[in-house]
Structures are given as structure tokens and as C-alpha cells.
1. Being in a loop (DSSP other than H, G, I, E, B) and out of contact with any helix residue (DSSP H, G or I) (no Cβ under 9 Å at 6 or more places or on another chain) is the requirement here; does PRO41 meet it?
2. Hey, among the residues in region 21-54 that are of a type in the set (S, T, N, Q) and within 21 Å of GLN66 (Cα to Cα), which one's surrounded by the most Cβ atoms within 10 Å (Cβ to Cβ)?
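The values are calculated or read from the model by the stated rules, or taken from the named source; none is laboratory data. As the structure is a computational prediction, the values presented were derived from the model and not from experiment. With ideal geometry, Cβ positions are generated from the backbone for all residues, glycine too; neighbour counts draw on all protein chains shown.
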Amino acid sequence: MRNHIQPTVEAAFMNVQDTARYMGISVNTLYVWRHRRQGPPSFRMGPGGRVMYRRDLLDVWLTEQQNADSRSNPALNPVRKAPQRSPARHGA
């Protein structure tokens with residue numbers, strides 16, 4: 001008999017616990033971000049109103065966070081910018 005390995009199906013939607021594990025953060029952090037409207041897009045699903053995250057939108061949000069960070073995006077590195085001159089001060 002052949003040994004058939006079933007491919008792992010990644011869920012399109014994840015609950016808060018799975019999302020926190022996926023991101024390597026605490027569940028509490030996700031709830032705080034959601035409350036402050038700072039974190040990845042989420043929505044309530046079903047009659048119980050469970051908070052859910054779409055994996056594709058989560059990955060997009062994570063990429064946006066990485067690109068917005070000067071440590072990950074060389075184009076945003078402040079060390080690469082030319083120094084700015086201070087405006088001339090006029091004596092009072």
C-alpha cells in the first residue's frame with residue numbers, strides 16, 4: 001500500500017488565537033490593536049460574532065508593516081538622507 005501524504009491546507013480565515021500564533025504575538029496584543037484600529041484588518045463572523053482574520057489580508061498588512069519600517073526598508077533609512085539645514089534664525 002502506498003503512503004499518501006495529504007497536503008496541508010492553509011485556512012483562508014483564522015481566529016484570534018491562530019492569528020496571534022501566526023504573527024508571534026499575544027492574543028491580548030491583537031485585541032488591543034483591534035480596539036485601537038491599529039492592527040491588521042479583522043471582522044466578526046457568524047452568529048456568535050467571532051473575530052476572524054483573512055490570511056491573505058494579514059500577509060498584505062504584515063508586508064506593509066515591514067516596508068514602512070526604516071530598519072527593513074533601506075529607502076526609509078534616515079542615515080541615507082542628506083542633512084537638512086536649519087532655517088535661519090532672526091534676532092529679536
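1. no
2. Filtering region 21-54 for residues of a type in the set (S, T, N, Q) gives 26, 28-29, 38, 42.
Filter again for within 21 Å of GLN66 (Cα to Cα), leaving 26, 29, 38, 42.
Numbers: SER26: 11, THR29: 12, GLN38: 8, SER42: 21.
Looking at residues that are of a type in the set (S, T, N, Q) and within 21 Å of GLN66 (Cα to Cα), I get SER42.
For every residue, the table says whether it meets (1) within 15 Å of the chain's Cα centre (by Cα); (2) loosely packed, with under 11 Cβ neighbours inside 10 Å; (3) at pLDDT 95 or above; (4) not in a helix (DSSP H, G or I).
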{"position": "THR19", "(1), (2), (3), (4)": "yes, no, yes, no"}
{"position": "GLN66", "(1), (2), (3), (4)": "yes, no, no, no"}
{"position": "PRO83", "(1), (2), (3), (4)": "no, yes, no, yes"}
{"position": "PRO87", "(1), (2), (3), (4)": "no, yes, no, yes"}
{"position": "HIS90", "(1), (2), (3), (4)": "no, yes, no, yes"}
